[in-house]
């Protein structure tokens, strides 16, 4: 539910395809906004719409559906992204972790489904009912998914991932971090082309 992460996804996919086999890619959930049932204040609703418009100017291929904000009385915006984070973790429990080609298949499908729901379909991924609906749409058993979504161990896994991002000194999203031995190196984000990112990664590897 980070709109800048959504805008970065096409370039990130290109970066992943260009990474040498010696580099293992993994993703972490930063949490962003804890659970709340409080309605999002009008000022924040306006601020996020302004962010969307800024993204559309910076990354022209990215377009948002503003019906989410226009119909805010029906979508009930809340500053709560933990539910969506837990849904990603819950979806990962359905993955075949013994097969490197599919070990994150459902996890990544859930990320895609959440982003499309929020940014294109004007649905609210802060609502568990929406997340359960999305689980069914990507082919997961919704009863088992709901159980995983609400399980205490899912929240604990989220907290563990958040702690890892804090150890890496991540303070903005999206972030790319290259870990070499026990060192963490931030890699600058480019929302339009992967070349500069790949050059930075190559430089850091050579430096080490």
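General observations
- Every residue from region 113-157 that is free of Cβ contacts under 8 Å to residues at least 12 places away in the same chain and closer than 22 Å to residue 5 by Cα: 116
- Pick from region 123-157, criterion part of a loop (DSSP other than H, G, I, E, B) and surrounded by 18 or more Cβ atoms within 10 Å (Cβ to Cβ), ranking: farthest from the chain's Cα centre (by Cα): 140
- Residue among 22, 3 that alone is within 30 Å of residue 167 (Cβ to Cβ), under 17 Å from the mean Cα position of the chain (by Cα) and either at pLDDT 95 or above or loosely packed, with under 12 Cβ neighbours inside 10 Å (or both): 3
- Filter result for residue 172 (closer than 21 Å to residue 22 by Cβ and modelled with pLDDT under 95): no
- When the test is whether a residue is surrounded by 18 or more Cβ atoms within 10 Å (Cβ to Cβ), outside any helix (DSSP H, G or I), under 18 Å from the mean Cα position of the chain (by Cα) and without any contact (Cβ under 8 Å) to a residue 60 or more places away in the chain, residue 80 passes it.
- Qualifying residue in region 22-42 (condition: part of a helix (DSSP H, G or I) and over 30 Å from residue 148 (Cβ atoms)): yes
- Selection status of residue 95, exposed (fewer than 12 other Cβ atoms within 10 Å of the Cβ), without any contact (Cβ under 8 Å) to a residue 60 or more places away in the chain and in a loop (DSSP other than H, G, I, E, B): no
- Residues in region 158-183 that are in contact with a helix residue (DSSP H, G or I) (Cβ under 8 Å, 6 or more places away or on another chain) and either at positive phi or in a strand (DSSP E or B) (or both) were compared, and the one that is surrounded by the fewest Cβ atoms within 10 Å (Cβ to Cβ) is 180.
- In region 41-63, the qualifying residues are those that are touching a helix residue (DSSP H, G or I) at 6+ places or on another chain (Cβ under 8 Å) and under 30 Å from residue 167 (Cβ atoms), and the one that is surrounded by the most Cβ atoms within 10 Å (Cβ to Cβ) is 55.
The values are calculated or read from the model by the stated rules, or taken from the named source; none is laboratory data. Keep in mind that this is a model prediction, so the values were computed, not measured. Glycine gets a Cβ as well: all are built from the backbone with ideal geometry, and neighbour counts include every protein chain shown.
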